[in-house]
1. Just for the chain, what percent of DSSP beta bridges are antiparallel, to the closest 5?
2. Please state the shape class of region 44-349: rounded when a/c is under 1.5, otherwise prolate if a/b exceeds b/c and oblate if not, all from the C-alpha gyration tensor.
3. Please state the charge dipole magnitude for the chain, taken about the Cα centre, from unit charges on C-beta atoms (+1 on K and R, -1 on D and E), reported in debye and rounded to the nearest 20.
4. Using 0.36 nm per residue, how much length does the chain from Asp287 to Glu39 gain when fully extended, once their Cα-Cα distance is taken away?
5. Give me the net charge of Gly102's neighbourhood, meaning all other residues with Cβ under 11 Å from the Cβ of Gly102; Lys, Arg count +1, Asp, Glu -1.
6. Calculated FRET efficiency, His224 and Lys303, Cβ-Cβ r, R0 30 Å, to nearest 0.05?
7. Rounded to whole Å, give me the distance from the Cα center of region 81-155 to that of region 246-311.
8. Sum up the charges of everything whose Cβ sits under 14 Å from the Cβ of Lys158, counting Lys and Arg as +1 and Asp and Glu as -1, but leave Lys158 out.
Amino acid sequence: MMNKYKTVMITMLVSIFLFSCNTESKKSQKETTESSNMEIKQKPEDLLDGTARAISYSGFRSGQHPDRGQGAVNPSDEEILEDLQIMSKDSLFNLIRLYDSGENSESVLRIIQENNIDMKVMLGIWLKAELSAHETCSWLTEPIAQDILDQNKIANQKEIEKGIQLAKEYASIVVAVNVGNEALVEWNDHKVDTDSIISYVKKVQSSIEQPVTVADNYEWWAAHGEELAKAVDFVSIHVYPVWEGKDINEAMSYTIENVQKVRNALPDSKIVISEAGWATVASEFGDRASEEKQAQYYNDMMKWSADMNITTFFFEAFDEDWKGETANPLGAEKHWGLFMVDRKPKKVMQ
């Protein structure tokens with residue numbers, strides 16, 4: 001009987017100890033998160049156009065695509081107007097991100113103005129490769145020829161001039177200009193030297209009234225972004241926990257860690273999250289990709305962004321089936337939208 005009593009007492013003590021440890025662990029995690037949030041939290045005036053909730057948009061539907069060497073197939077004015085009405089309905093999104101200053105982006109700006117739509121834009125200036133990243137980019141199997149790189153430099157100058165023109169022409173709509181998208185990371189195929197991008201940023205800044213930024217992966221900003229951060233008006237970072245092997249139960253804590261890395265490295269910079277998303281179908285992610293998990297990440301992300309006064313462009317408005325490998329319809333690149341490619345809402349938007 002005594003042995004049985006001792007066993008019960010030991011079991012109870014172990015249970016109390018484990019409960020206490022678990023409680024302390026949760027308490028510690030909560031305190032760590034709260035501490036991080038205090039360090040990350042910005043002022044309300046740091047929000048871009050006064051809003052935390054924003055969306056990335058390009059709008060290419062089935063059979064449409066940007067110029068891939070043989071000309072672009074752009075959405076029609078009617079299709080763009082439909083998209084803008086879907087995104088802005090009930091003030092769901094009043095701030096969108098465009099990625100370039102090409103014909104399609106110009107049409108979006110014109111249609112917003114012509115139809116008096118309550119929507120602002122962070123305009124993109126797309127930079128083509130000026131350096132060959134064939135040794136670090138997995139899908140570049142050979143060096144980019146020097147004559148192509150030289151042509152790209154000329155094209156980039158034209159794109160910069162077009163972006164400046166559009167920012168001036170649509171000054172009441174364009175609230176910021178982004179110069180280059182993931183053109184600094186080693187793993188992409190359109191790499192540009194940091195000093196060149198700084199010079200491009202300064203050129204745009206000297207020509208327009210709106211703030212100017214550069215969008216790239218959070219790791220690049222944390223490790224290499226000190227000089228560029230001094231040049232831009234705010235830092236634009238990309239965070240994708242699902243691309244880094246995280247499931248939804250780790251998504252927000254990992255996202256906060258990503259932002260904290262940038263805050264630690266660049267304590268004086270205003271931060272905008274220019275891409276954050278969750279694919280709903282992805283051969284690369286397996287069951288980590290789903291509409292339910294996208295809905296949870298979106299809702300958690302938007303609440304946290306509002307609490308932290310950080311503008312977040314969720315990636316992206318609509319599925320785009322031109323992206324990624326043509327032979328793989330289940331590739332993640334095609335399935336980041338909050339709406340299907342046929343404009344039907346996914347769970348998060350229902």
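Readers should treat all values here as calculations from the given coordinates under stated rules, not as data from a laboratory. Because the structure is predicted, anything quoted here is derived from the model rather than measured. As a convention, Cβ positions derive from the backbone with ideal geometry for all residues, glycine included, and neighbour counts pool all protein chains shown.
1. Details: 2 of 29 bridges.
Beta bridges within the chain, antiparallel portion: roughly 5 percent.
2. Working: a/c = 1.13, a/b = 1.10, b/c = 1.03.
Because its axes are fairly even, with a/c under 1.5, region 44-349 counts as rounded.
3. Numbers: 36 positive and 57 negative charges, 290 e Å.
So the magnitude is around 1400 debye.
4. Details: separation 248, 0.36 × 248 = 89.28 nm, distance 3.37 nm.
That pair, Asp287 and Glu39, stretches by 85.9 nm at full extension.
5. Details: positive: Lys158, Lys162; negative: Asp67, Asp100, Glu103, Glu106, Glu159.
With Lys, Arg at +1 and Asp, Glu at -1, the neighbours total -3.
6. Numbers: r = 31 Å, r/R0 = 1.03.
Plugging the Cβ-Cβ distance into 1/(1 + (r/R0)^6) gives 0.45.
7. 22
8. Working: positive: Lys128, Lys153, Lys162, Lys203; negative: Asp67, Asp100, Glu103, Glu106, Glu130, Asp150, Glu159, Glu161.
Its environment carries a net charge of -4.
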